[in-house]
Amino acid sequence: MGGIVFLVPGLTVISVYGLIAGHWDVLIAVAVALAFGALGVIDDLRTLVGKTRSAGLSPAFKWVVQIAV
């Protein structure tokens, strides 16, 4: 969950700069970073929450999602 500390301020600054300067292509990188961050949050939640403590998402599943993004 520590990734939120880095993602929120960084993506906020990059998004604001991209919108002000008219660099819409920056938003593609922001969307990819958000997708990877969401994958990390889901992985952390599967590890921490639930009746059985799992090891989170399988490495193969994470690879497939990252390649798809």
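For the chain, what is Rg from Cα atoms divided by 2.2 N^0.38 Å, rounded to two decimals?
Taking the Cα Rg and dividing by 2.2 N^0.38 Å, one obtains 1.34.
Which value, in Å², gives the accessible area per residue of the chain when a 1.4 Å probe is used on the protein heavy atoms?
It amounts to 74 Å² per residue over the chain.
Can you tell me the 0 to 90 degree angle between the C-alpha axis of helix 3-21 and the longest principal axis of the chain, rounded to 10?
Roughly 20 degrees, rounded to the nearest 10.
How large a share of the accessible area of the chain, in percent, is made up of carbon and sulfur atoms when the probe is 1.4 Å and the other protein chains stay in place?
In the chain, the share of accessible area belonging to carbon and sulfur is 76 percent.
The values are calculated or read from the model by the stated rules, or taken from the named source; none is laboratory data. The structure displayed is predicted, hence computed values, not measured ones. Quick note on the areas: whole protein, heavy atoms, side chains included, nothing else; ligands and nucleic acids left out. Shrake-Rupley method; radii C 1.70, N 1.55, O 1.52, S 1.80 Å.
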